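Visitor: Would you mind keeping the following structure in view while I ask a few things?
The values are calculated or read from the model by the stated rules, or taken from the named source; none is laboratory data. Just so it is clear, the structure is predicted and the values come from calculations on it, not from any experiment. Here the Cβ positions follow ideal geometry from the backbone for every residue, glycine too, while neighbour counts run over all protein chains shown.
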Amino acid sequence: MVSLPEELQAREAAARQRVEELQAEAAELTVRLEKDPADLSRLEITRETGVGVHSYVPTFVRMNRDSC
C-alpha cells in the first residue's frame, strides 16, 4: 500500500508533467499565432494584386490588338 505522502508526490509529479506539456504547446501556438497572420496578409496582397492584374491585362491586350 502506498503512503499518503507518496501518493501526493506522484500526483504532484503527474500534474507538473501536464503543466509542462501545456506550456510547451502554448509556446508552439504562440509562434504559430505570430507567423500565420503574416502569411494571411501576404496571401491577401497576392490575391488583390492578381485580381488587379487580371482585370488590367485583358483591357491592355484589347487596346494593343485594336491599334494594330
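Visitor: Looking for whichever is modelled with pLDDT of 95 or more and among the acidic types (Asp, Glu) here; the options are GLU48, GLU21. Which one fits? Before the answer, list the steps.
Guide: Numbers: GLU48 fails: modelled with pLDDT of 95 or more.
Unique residue meeting the criteria: GLU21.
Visitor: Mind listing whichever residues of the range 28-41 are of a type in the set (Gly, Ala, Ser) and either loosely packed, with under 10 Cβ neighbours inside 10 Å or not in a helix (DSSP H, G or I) (or both)?
Guide: Answer for the range 28-41, where residues must be of a type in the set (Gly, Ala, Ser) and either loosely packed, with under 10 Cβ neighbours inside 10 Å or not in a helix (DSSP H, G or I) (or both): just ALA38.
Visitor: Conditions first: (1) in a helix (DSSP H, G or I); (2) over 35 Å from the mean Cα position of the chain (by Cα). MET1 passes all but one, so which condition is the exception?
Guide: Result: MET1 fails condition (1) only.
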